[in-house]
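Colleague: I am attaching a structure below and will ask some questions about it afterwards.
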Amino acid sequence: MEKILLQLRVNGETRQVAVPPNKLLLDVLREDLGLTGSKRGCDDSSCGCCAVLIDGTPMLSCVALAASYVGAEILTVEGLAPPGELHPVQEGFAVSGGAQCGYCTPGFLITTKALLDRNPHPTLEEIREALSSNLCRCTGYMQIYESVRLALERWAQAPRAAGARPSAAEGRD
Amino acid sequence: MTLPAFSLVRPQTVAEALRVLQEAAPGQAKIVAGGTDLIPNLQMKLYAPQLVVDIKGIVALRGIEWSPRQGLQIGALTTLAELEHAPVVREQFPVLAEAVAAVAGPLQRNMGTIGGNLCLETRCLWYNQSEFWRRALGGCLKLPMPNPHAALSRTICHVAPGGKFCWAVWSGDSAPALLTLDAEVEIAGPRGRVRRPLRDFYKNDGMDRIALGPDELLTAVHVPAHAAGRRGTYRKLRIRNSIDYPLAGVAVTMEVDREGICRAARVAIAAVNPAPLLVPQAETLLVGKKASPELIEEVARATTRTGKPLTTSVSTPEYRREMLRVFTRRALQTCWHNPGRAEHEHNSGD
């Protein structure tokens, strides 16, 4: 199939790829850009493993055509914090055992970041609702909710530091 | 997995989209917006279009407008998340807010649009499967896949063997809610834009689900002003409380006067027929009456007569039919006894 040239904005950088028009955003991220943090789970939009932020909103890259998202700001799990550093959400998951096998974790991190950006003081019910598109087959979710609560605390304790800390997206420009 | 090969176009205006659709070979173009229905269906090789038309860039199809005289106009590209959180929808059209909030999960609702939700492909246990799975079976009426090694030598409907009708169910949540609000759809085509009642949009045929020509585009949904403020609720049966499609859905709206007498009522069901359907007897049974357990049970029974669940999904037809009755009863009780938010504010204001 004939390839088309796309310019995508990923983690704050402009990346150029030549891909066929039927290529999914998930595959472009993983295969063409080497960003293998986003995972293929169900492959039909029902598990949340492939979640990325598109203009700040969590979406499923397994049902997104890459060519449809030219011009959008895409943030993957790799862009949450600069290399060698952790975003408060990642710290929360690391400390509270929010990841067991780890396969669903990038999707949970992305969805949690979107929640905290929108609502820094969510109730447990709001956390459960916000994460209800993400499936985990290991933890039974309790550790995940605890991780989010810990992330909230760390976020709240150092709001300025967390807010001012350049994400990878901003840092590279 | 790889999608079938196709060319992609991204029109920026309705006129451009219509031109692209008109120039495409008949049946060879598929429209995509959020992608949550079309892309998985392409993954399963349910279609192999030459052309995919991504309409997300048509800015004119976005957004919600409300005026107490004109009613509610919802652009086809409005996401389900935007609808669910819109204050006017929550306050004036609670049945719609509840129904869209019940679609899949929050990430799917960030992508899925109201236009896409109204145009969903019909679903069936025997159809929404991988190409490999379907080929082993020889396909079905809706999508025959002749295979000399399949157990059956001819293509049949596995839901109603011997029948010539496709029972794939219409499995959306927003349409039953919009039916109870007397909504209309706006359709753009080569001869301009027309409005049609939503109830005429569905053809109740699993293979030919909606009245939308290959050269037409659904551009907006209108909810008339007279439906604003109606009490309403939506009940949905599914295996998990998130992500899943409905196995049965019941939407109810009602106007109740100060004496507790029903002045207007609609009951609509989804996911048990090839179309979302209004229950025809509900209005006649309810209007002019006060709530009673016998009346509510009678309407609930009428609902189960409209619903025709068959073995199109993982749960049994008997269970889905029974849940139609239970949901109708609960939804009617909720509407009758709980004033809506808009109504409550209005009453407390006088």
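All of the numbers you see were taken from the coordinates with simple rules; none came from a lab. These figures come from a predicted structure and were not determined experimentally. Glycine gets a Cβ as well: all are built from the backbone with ideal geometry, and neighbour counts include every protein chain shown.
Colleague: Taking beta carbons within 10 Å but only from partner chains, what does the mean come to for residues A:16-28?
Modeller: 3
Colleague: Could you tell me the distance between the Cα centroids of the stretch B:226-294 and the stretch A:1-70, to the nearest Å?
Modeller: 40
Colleague: Also, I was wondering about something else. Which far-off residues, 5 or more places away or on another chain, put their amide H under 5 Å from the one on residue B:125, with H placed in the peptide plane?
Modeller: When sequence neighbours closer than 5 places are left aside, the close amide H contacts are B:313.
Colleague: Going by how many other beta carbons lie within 10 Å of each one, how would you line up B:39, B:156, B:261, fewest first?
Modeller: Placing the least packed residue first, the sequence is B:261, B:156, B:39.
Colleague: Something else about it: Whole-Hz ³J(HN,Hα) for each residue in the stretch B:198-204, computed from phi via Karplus 6.51 cos²θ - 1.76 cosθ + 1.60 with θ = phi - 60°, x for glycine and proline: what do you get?
Modeller: 4, 5, 8, 6, 9, 9, 6
Colleague: Kirkwood hydrodynamic radius of the stretch B:148-215 from all distinct Cα pairs, in Å?
Modeller: 14.7
Colleague: On to the next question. Using only alpha carbon pairs under 8 Å that are at least six residues apart, calculate the relative contact order of chain B and give it in whole percent.
Modeller: 16
Colleague: Running a GNM on chain B with Cα contacts under 10 Å, which residue among B:177, B:150, B:102 ends up with the highest mean-square fluctuation?
Modeller: Looking only at B:177, B:150, B:102, the biggest GNM fluctuation is shown by B:150.
Colleague: Sticking with this structure for a sec: Starting from the Cα gyration tensor of the stretch A:1-67, take the square roots of the eigenvalues, sort them a ≥ b ≥ c, and report rounded, prolate or oblate (rounded when a/c is under 1.5, otherwise prolate if a/b is larger than b/c, else oblate).
Modeller: Oblate, since a/c reaches 1.5 and b/c is not below a/b.
Colleague: Using only Cα atoms, figure out Rg for the stretch A:10-118 and give it as a multiple of 2.2 N^0.38 Å.
Modeller: Taking N as the residue count of the stretch A:10-118, the ratio is 1.02.
Colleague: A further question on this structure: May I ask you to derive the relative contact order of chain A, considering only C-alpha pairs under 8 Å and at least 6 residues apart, and to give it as an integer percent?
Modeller: It comes to 25 percent, rounded to a whole number.
Colleague: Mind checking which aspartates and glutamates have their Cα closer than 19 Å to the Cα of residue B:142? Skip sequence neighbours fewer than 8 apart in that chain.
Modeller: Leaving aside aspartates and glutamates fewer than 8 places away in the same chain, those within reach of residue B:142 are B:37, B:121, B:131, B:205, B:208.
Colleague: Could you calculate, for the stretch B:1-67, the ratio of the Cα radius of gyration to the Kirkwood radius, expressed as Rg to Rh?
Modeller: Ratio of gyration radius to Kirkwood radius for the stretch B:1-67: 1.03.
Colleague: For all pairs of alpha-carbon atoms in chain B, what percent lies in each bin of width 20 Å, listed from the first bin to the last filled one?
Modeller: P(r) over chain B, rounded to whole percents: 30, 57, 13, 0.
Colleague: On C-alpha positions alone, give me the angle between the axis of helix B:293-306 and the longest principal axis of chain B, in degrees, nearest 10.
Modeller: Between helix and principal axis, roughly 20 degrees.
Colleague: What percent does the relative contact order of the stretch A:4-77 come to when contacts are Cα pairs within less than 8 Å and at least six residues apart?
Modeller: Dividing the mean separation by the residue count of the stretch A:4-77 yields 38 percent.
Colleague: Does the protein assembly as shown come out rounded, prolate or oblate by the C-alpha gyration tensor, with a ≥ b ≥ c the root eigenvalues, rounded set by a/c under 1.5 and, if not, prolate when a/b is larger than b/c and oblate if not?
Modeller: Oblate is the answer for the protein assembly as shown, as a/c is 1.5 or above yet b/c matches or exceeds a/b.
Colleague: When you look at the Cβ of every residue in A:132-139, what mean number of other chain Cβ atoms sits within 10 Å?
Modeller: 3
Colleague: What is the average number of partner chain Cβ atoms found within 10 Å of a Cβ in A:62-71?
Modeller: 6
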